[in-house]
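Presented below is the structure to which this report refers.
No lab work stands behind these numbers, since they all come straight from the coordinates. Every value quoted in this text rests on a predicted model; they were computed, and no experiment measured them. For neighbour counting, all protein chains shown are included, and Cβ atoms are generated from backbone atoms with ideal geometry for every residue, glycine included.
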Amino acid sequence: MWRRVTAALGLVIATFGVAACGGSDSDKGAVTLNWFIFNEPSGAPQKIAEACSKQSGGAYKINFEYLPSQADQQREQLVRRLGAEDSSLDLLGLDVVWTGEFANAGWLKPVPQKTEGVVTENVFDSVLQTARFEDKLYTVPIWSNTQLLWYRKDRSPQPPKTFDEMIDAAEKLGPQKGRFQIQANRYEGLVVLVNQLIESAGTSILSGPTTMKLDREPTERALAILGRLSRSSASPSNVSTSTEDTARLGFEGGDSTFMINYPFVYPSAKENAPDVFKQIAAAKFPQVDPSKPSKPPIGGINIGVSAFSKHPDQAFAATECLIKPSNQLEVAKLGGLPPVRSDVYDKPEIDKIYPGFADVIRESIQDAAPRPSESPAYQDLSLAIQRAIHPTTEIDPKNPGPAYDRLRDYVEKAIKREGLL
Amino acid sequence: MTAVPIGKRKADKPAISDKTKAERKLAYMLVAPAVIAMLLVTVYPILYAVALSVQKVDLRFPDESGFVGLDNYAAVLTSDLWWQGVLNTTLIAVISVSIELVLGMGLALIMHKALFGRGIVRTATLIPYGIVTVVAAFAWFFAFDPSSGFVNNLPFVPEDKAWFGEHNSALSVIIMAEVWKTTPFMALLLLAGLATIDEGLYEAARVDGATAWQRFWRITLPLLKPALLVALLFRMLDAFRVFDSIFVMTRGSQDTESVSILGYNQLISRLNLGLGSAVSVLIFVLVLGIAFFFVRVLGTSSPAGQGEK
């Protein structure tokens, strides 16, 4: 018995010894950079990271540390480590709405001048907006994302231009064929919908990191649309719990004609619902006001370098390599994730990746309006908006005033970071 | 609880021999490591939470920290969300513990009286308790989810019922999941209590012509009271901190937030450590209050009950 315990102890000590040696060895040669990012299912980040490690000529080696697949859980893990000043994080895969929060907390190294020129070249302004905080570049966009209006050509030969047109067309088709799919559960997806409706109506939630905008007339117009979307006879029955995935499933089920969703639904329909796939087409996010252009949402991942990293120089060098146009194209090919540089969309391969809707994606990202993430208290804002608006079925499309007042109150409190949320 | 008898003994015997003194010293030394470990892992975090709760601390705004006195507590106690959370938590705790008590008692009696297959009966009963709460919560979530669950295909259930889309049904599913998960724990504690009751009492009662109902009401219940109170106390404290099921099923939407979810939102999502710690300290005070109520108000009769035996 004792012999066995001693043997086990010896093994443990030996392992630690080896690990320690490994550490000092790699310090002499290639530096190991830990990239904390969710495990993107296509394996595209791994592939480009491996290529970059090789091209660095032994300067660095990128090692993956995987975060959960849900954005809020990714944030929780990152925040817990960064709050404790963990030096094992080098590269961070950040959702586009975390830049302000992480930068203000002092967790990100600002992008150095010489890197900034390389990594912002030809990048869409809307995307760069999500990478900056107080006019300083803190993160480097690697891939973007946006929502399109997906519709069925057989039931609606022309895509509706506005939300009102879409709801009218859907109601006319009836609940057996005409349903539309949106995201209105109490989660970040609802904040995306509300923000895009408000932006498309011609106003914004914030006018600066700590100042509220929310002009009454356009905001009420946006909320009235949201109320209509939730109470229509063509709304999905699970509208109060609807997410990107329930929307996709609903659309693949066949009783829907319209859906607001990200491009992942395209390959998914191809695989799961070939009949629906034959009819699927994409158009730009609908307008709220026929006289104003629509403002599609923007998602995606920006790379940040941790302020506690021991190898910031190598980390920025790795970032420069990871976001090279050829790598962006590779990520789009493998994972279907839209590039952040406009010139990549000129490549012929892009049309194969997004057959028939490459231009819509490009235009959507170009015209996109980010969520109010310039506020370091974005998380408070997001929680407050969710609380104020959910369930969306309670918004009266004919009288959106009470919903507007509620939203204003909550946003005001969130900006001041007062009270519970 | 053990402190009371020791104190009593001390009062009874004022003279302490050298041997007892040495033994007592040894006893102190033996418990010291455990006490120190407890102090480190429980008292320190509790005091730290109390210290944080009177400060403005927000990880996202490192430059803004400072002492704010009771401001955080005022913010929590004047918030509708806090009181809604307390109400939800109390509802979930009281309803689920009541149902568990009845079901648990039934299960305990079955396990106690089972003539054959005792091992199998006990194991089968305990399975839900052995499943990780998060996993159990997901199982219930998927069962009631309209797109993946079987529940909406059952007779008398409307096919498109969105269980988590509305307050009452969402809360009911959460309570059902809690009951399913922890009834075995209740049954186990009650079974232990049943095992201590002398069979002779029942025989005597039977000889005197007591019915089964009378035997249960007059013998089982009174003698089970100490075990029953302990089981209720444990479950109440546990149920009051309900978190996993709600987090998995609704994330607190449809007004199903418990106080723990509220604390989580302030601490983990908002990184507002001051406000979040105030919530935690208030939950601690509430739990302490429940324990006090059980031990002092209800528990006073339990030593007497044991004394009679």
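With a point put 7 Å past each Cα toward its Cβ, work out how far A:ASP245 is from B:SER169 in nm, to one decimal.
2.0
Please give the average number of partner chain Cβ atoms lying within 10 Å of the Cβ of each residue in B:54-61, rounded to a whole number.
Per-residue shielding by partner chains comes out at 5.
Which far-off residues, 5 or more places away or on another chain, put their amide H under 5 Å from the one on A:TRP143, with H placed in the peptide plane?
A:ILE301
Roughly how many nanometres apart are two label points built 7 Å out from the Cα toward the Cβ at B:LYS25 and A:GLU165?
Calculated label separation equals 9.3 nm.
What is the log10 of I(q)/I(0) for the protein assembly as shown, computed with the Debye formula using one identical point scatterer on each Cα and no solvent, at q = 0.07, 0.09, 0.12 Å⁻¹?
Per q value, in the given order, log10 I(q)/I(0) is -0.63, -0.97, -1.43.
Any idea which of B:LEU201, B:PRO222, B:ASN168 is furthest toward the positive side of the dipole for the stretch B:65-224, if Lys and Arg beta-carbons carry +1 and Asp and Glu beta-carbons -1?
About the Cα centre, the residue reaching furthest to the positive side is B:LEU201.
Show that you can apply the helix-only estimate: for chain B, add -39,500 (n - 2.57) for every DSSP H stretch of four or more residues, divide by all residues, and state [θ] at 222 nm to the nearest 500.
So the helix-based figure for chain B works out to -22000 deg cm²/dmol.
Nearest 10 degrees is fine. How inclined is helix A:401-416 to the longest principal axis of chain A, computing both from alpha carbons?
Around 20 degrees separate the two axes.
Contour minus end-to-end for A:GLN113 and A:SER326, with contour as 0.36 nm per residue of separation and end-to-end as the Cα-Cα distance?
Here the segment from A:GLN113 to A:SER326 would lengthen by 74.4 nm.
How well do other chains shield peptide B:77-85, expressed as the mean number of their Cβ atoms within 10 Å of each residue Cβ?
For peptide B:77-85, the averaged partner shielding equals 2.
Among rounded, prolate and oblate, which fits the stretch A:111-178 when a ≥ b ≥ c are the square roots of the eigenvalues of its C-alpha gyration tensor, a/c under 1.5 means rounded, and a/b larger than b/c means prolate?
prolate
How much length is gained on full extension from A:SER207 to A:GLN46, taking 0.36 nm per residue of separation minus their Cα-Cα distance?
54.1 nm
Quote the FRET efficiency, to the nearest 0.05, computed for B:ILE127 versus A:PHE264 with a Förster distance R0 of 41 Å and r equal to the Cβ-Cβ distance.
The pair B:ILE127/A:PHE264 has a calculated efficiency of 0.60.
Rounded to whole Å, give me the distance from the Cα center of the stretch B:199-247 to that of the stretch A:47-118.
The stretch B:199-247 and the stretch A:47-118 have Cα centres spaced 56 Å from each other.
Size of the dipole of the stretch B:61-217 about the Cα centre, Lys and Arg at +1 and Asp and Glu at -1 on the beta carbon, nothing else charged, in debye to 20?
Roughly 860 debye, rounded to the nearest 20.
Cross-link partners among lysines for B:LYS25, C-alpha distance below 21 Å, same-chain residues fewer than 8 apart left out?
B:LYS8, B:LYS10, B:LYS13
Which listed residue (A:THR257, B:SER277, B:PHE185) has the Cα farthest towards the positive end of the charge dipole for the protein assembly as shown, taking +1 on Lys and Arg C-beta and -1 on Asp and Glu C-beta about the Cα centre?
In the protein assembly as shown, that residue is B:PHE185.
Quick check: residue separation of A:GLN176 and A:ASP125 times 0.36 nm, minus the Cα distance between them. What number comes out in nm?
14.2 nm
Where the eigenvalues come from the Cα gyration tensor of the stretch B:65-221, what are the semi-axes √(5λ) of the equivalent ellipsoid, largest first, in whole Å?
Each semi-axis is the square root of five times an eigenvalue, giving 39, 25, 15 Å.
Calculate one ³J(HN,Hα) per residue across the stretch A:192-203 by plugging θ = phi - 60° into the Karplus curve 6.51 cos²θ - 1.76 cosθ + 1.60, and present them in order as whole Hz with x for glycine and proline.
4, 4, 4, 4, 5, 5, 5, 5, 5, 6, x, 10
Taking Cα pairs under 8 Å and at least six residues apart, what relative contact order does the stretch B:188-235 come out at, in percent?
Once divided by the residue count of the stretch B:188-235, the mean separation gives 62 percent.
Applying the Karplus parametrisation 6.51 cos²θ - 1.76 cosθ + 1.60 with θ = phi - 60° to the phi angles of the stretch A:144-150, what ³J(HN,Hα) value in whole Hz is obtained for each residue in order, glycine and proline being reported as x?
Once θ is set to phi - 60°, the couplings for the stretch A:144-150 become 10, 6, 7, 9, 10, 8, 8 Hz.
I'd like the distance separating the alpha-carbon centroids of the stretch B:71-106 and the stretch B:257-283, in whole Å.
Measuring centre to centre over Cα atoms gives 15 Å.
Evaluate the Kirkwood expression for the hydrodynamic radius of the stretch A:67-164, namely the inverse of the mean inverse distance over all pairs of different C-alpha atoms, and round to one decimal in Å.
16.0
Which shape class, rounded, prolate or oblate, goes with the stretch A:191-241 when its Cα gyration tensor gives a ≥ b ≥ c as root eigenvalues, a/c under 1.5 marks rounded, and past that a/b bigger than b/c marks prolate?
Prolate is the answer for the stretch A:191-241, as a/c is 1.5 or above and a/b outweighs b/c.
Do any GluC sites (Glu not before Pro) in the stretch A:65-109 lie in a DSSP loop with no more than 15 other beta carbon atoms within 10 Å, and if so, which?
A:GLU85
Whose amide H sits under 5 Å from the amide H of A:ASP215, counting only residues 5 or more places off or on another chain, with H placed in the peptide plane?
Under 5 Å from the amide H of A:ASP215 lie the amide H atoms of A:SER204, each far enough along the sequence or on another chain.
Name the long-range amide H neighbours of B:ASP58: under 5 Å, sequence gap of 5 or more, or other chain; modelled H, no Pro or chain starts.
Excluding prolines and chain starts, which carry no amide H, the hits are B:LEU273.
Where the Cα atoms of chain A are projected onto their three principal axes, how long is each span, largest first, in whole Å?
Ordered largest first, chain A gives principal extents of 76, 57, 50 Å.
Shape of chain B from its Cα gyration tensor (a ≥ b ≥ c, root eigenvalues): rounded if a/c is under 1.5, otherwise prolate when a/b > b/c, or oblate?
Since a/c reaches 1.5 but b/c is at least a/b, the shape of chain B is classed as oblate.
So what is the relative contact order for chain A, in percent, with contacts set as C-alpha pairs under 8 Å and at least six apart?
26
Quick check: pseudo-label points 7 Å beyond the Cα along Cα→Cβ at B:VAL135 and B:VAL43, how many nm apart are they?
Here the modelled spin labels are 3.8 nm apart.
If you add up the charges near A:PHE36, with Lys and Arg at +1 and Asp and Glu at -1, over every other residue whose beta carbon is less than 14 angstrom from its beta carbon, what do you get?
-3
Treat every Asp and Glu Cβ in the stretch A:250-314 as -1 and every Lys and Arg Cβ as +1, leave all other atoms uncharged, and give the resulting dipole magnitude about the Cα centre to the nearest 20 debye.
260
May I ask you to evaluate 6.51 cos²θ - 1.76 cosθ + 1.60, the Karplus curve with θ = phi - 60°, for each residue of the stretch A:48-54 and list the ³J(HN,Hα) values in order in whole Hz, giving x for glycine and proline?
6, 5, 5, 4, 5, 4, 5
Hey, what did chain B get for relative contact order, percent, Cα under 8 Å, at least 6 apart?
Across chain B, relative contact order equals 27 percent.
Count the net charge of all other residues whose Cβ sits under 15 Å from the Cβ of A:LEU148, scoring Lys and Arg as +1 and Asp and Glu as -1.
Around A:LEU148, the surrounding residues sum to +3.
In peptide B:261-273, what is the residue-averaged number of other protein chain Cβ atoms found within 10 Å of each Cβ?
Averaged over the peptide's residues, the number is 4.
Could you tell me which residue out of A:ALA317, A:PRO209, B:VAL287 lies farthest along the dipole of the protein assembly as shown toward its positive end? Charges go on the beta carbon: Lys and Arg +1, Asp and Glu -1, centred on the Cα centre.
Toward the positive end, the furthest listed residue is B:VAL287.
Would you mind counting up the charge near B:ARG60? Only other residues with Cβ under 13 Å from its Cβ, with Lys and Arg at +1 and Asp and Glu at -1.
-1
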